[in-house]
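None of the figures in this text is laboratory data; all of them are computed from the coordinates on show. The structure presented is a predicted model; accordingly, all values stated were derived computationally and were not measured. All Cβ positions, glycine included, derive from the backbone under ideal geometry; neighbour counts span all protein chains shown.
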Protein chains: 2
Amino acid sequence: MKNGKKQTRLSGSERTDQIYSVAAQMICERGFDATSMSDIAEAVGITKAGVYHFIPSKKELLFAIMSYGMDTLEAAVINPAREVADAEQRLRFIITNHSMLIARSSTDDGHSPVTILVEEELGLSPAHRRKLRQRKRVYVDLIRSALEQLQADGKLKDIDVTAAAFSLLGMIMWLARWFRPDGKLSREQVAEEICKIAMGGLLK
Amino acid sequence: MKNGKKQTRLSGSERTDQIYSVAAQMICERGFDATSMSDIAEAVGITKAGVYHFIPSKKELLFAIMSYGMDTLEAAVINPAREVADAEQRLRFIITNHSMLIARSSTDDGHSPVTILVEEELGLSPAHRRKLRQRKRVYVDLIRSALEQLQADGKLKDIDVTAAAFSLLGMIMWLARWFRPDGKLSREQVAEEICKIAMGGLLK
DNA sequence: TAACTTGCTTACCGGTCGGTCAGTTAAGTC
DNA sequence: GACTTAACTGACCGACCGGTAAGCAAGTTA
């Protein structure tokens, strides 16, 4: 111990959790390439080699963080949505809850693992990219099937279902780029606005 | 000349144009960080030092490419839109033409300078970022003012204008992520679909 | 107390990055 | 053919990257 920095030794799982958490925050704020393993190590308070005692590689780290983002989305939006029987209510649920999730994790200069799901695909290996894409496809299919059901019920406007599904997602994901928690609209309000606009554009 | 590669000497402006064009394509396809100056040099057919004879730095290169993307957007969408007197028609013009522009430059694995305007902000210096943000703000203000005019005319639904403007942009920008020229919808069709969905969500 | 495990450090590796510099070579001009 | 200009090369630089090997030191177990 040469300087005043705290030198607390942590248990393996504690340290691992801390590394993932710190790395997630840094990567979301500054980008994957702009965040070096030494940066992460310094922020955690140990050496780079110390980090590699717990983490196999930088790519695995990114994959784990993005998987965590997907886990969050599934837990907060996708799985609960499946419990909603009515198609229109299910769609409303998806829009508002996903919007809230994005808005909740937006800060002034950083994003959460839920939002970098989209941005850092280039850093992944082909195998990892394939896995995450598949999970995303499940989500898109959930939205599309809700739209198709509405179409079958004659409630949908005369629009292409695919274009509708992705336009919906675009509105929601774009939130991360402009929403500010200290703005004039609260998280709840902005989620409500997006739901209004989207449902107005889709339903007859 | 050691191998069979062509060794045509070009004039300064020709070479400069070629470098910008090749670099733009590569950076859009593979990302800014994943494209090294040596990669660009090799693709152009000269040495890295040769590239630096025409280009001051990598950051300037990125800024120039993104500025070009913004130029394109202004020429194809923003400036012509100002000539449309009716607010509703102006909004329709913006949506369809911006969508067409995005769709036109989407390929299977690459994007054009118009689409990376969004993705590679992190690679810019603060001063450059500020300049581009200001140009983007002008565009957002154009959309917002059209919406406000519609609101004053009582044609707009009861929605927040800011949320509406950004939702619109989200739908359009997201196109770059899912539209494929070989898909079942043509560029014109997809632009029309987005216009329908958006206008349906915004207008009474 | 001795053996073992494990959290962690110091020192280092090969490789690549953006960028520079001192020249070399081709083309244009007089 | 001499001179100038400008396109371009080859060799190199320091910095930093992701990742590793060997060993130390603190806690656990026998």
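Some notes on this structure:
- Order of A:Asp158, B:Asp86 under a 10 Å beta carbon neighbour criterion, fewest first: A:Asp158, B:Asp86
- Most positive-pole-ward Cα, A:Ala85, A:Val161, A:Leu73, against dipole of chain A from beta carbon charges: A:Leu73
- Efficiency of FRET between B:Ala127 and B:Ser38 - r from beta-carbon atoms, R0 22 angstrom, step 0.05: 0.25
- When the alpha carbon gyration tensor of the protein assembly as shown is reduced to an equivalent ellipsoid, its three semi-axes come out at 36, 31, 20 angstrom, largest first.
- Positive dipole terminus of the stretch B:46-204, leading residue within B:Phe179, B:Leu124, B:Ser99 (C-beta point charges): B:Leu124
- 3J(HN,Hα) along the stretch B:76-93: 8, 10, 5, 5, x, 4, 5, 7, 8, 6, 6, 4, 5, 5, 5, 5, 4, 4 Hz, from the Karplus curve 6.51 cos²θ - 1.76 cosθ + 1.60 with θ = phi - 60°, whole Hz, x for Gly and Pro.
- Length-normalised contact order of chain A in % [C-alpha pairs under 8 Å, at least 6 apart]: 24
- B:Leu203 long-range amide H proximity, modeled H, under 5 Å: B:Lys157
- If only the Cβ of Lys and Arg carry +1 and only the Cβ of Asp and Glu carry -1, the dipole of the stretch B:19-169 around its Cα centre is close to 420 debye.
- The spacing between the stretch B:1-75 and the stretch B:94-165, judged by their C-alpha centroids, is 27 Å.
- Ranked packing of A:112-119, B:19-26, B:77-84, most packed first, by mean Cβ within 10 Å: A:112-119, B:19-26, B:77-84
- For the stretch A:97-204, relative contact order (Cα pairs under 8 Å, six or more residues apart, normalised by length) works out to 46 percent.
- For chain B, the calculated P(r), taken from all Cα-Cα distances in 10 Å bins from zero up to the bin holding the longest distance, is 8, 30, 30, 19, 9, 3, 1, 0 percent.
- Between the helical axis of B:12-30 and the longest alpha-carbon principal axis of chain B there is an angle of about 60 degrees.
- Note on the stretch A:128-204: Lys pairs 8 or more places apart or on different chains, Cα atoms under 29 Å apart, count 10.
- All-pairs Cα distance distribution in the stretch A:1-83, expressed in whole percent, bin size 5 Å: 3, 13, 23, 22, 14, 11, 7, 4, 2, 1, 0, 0
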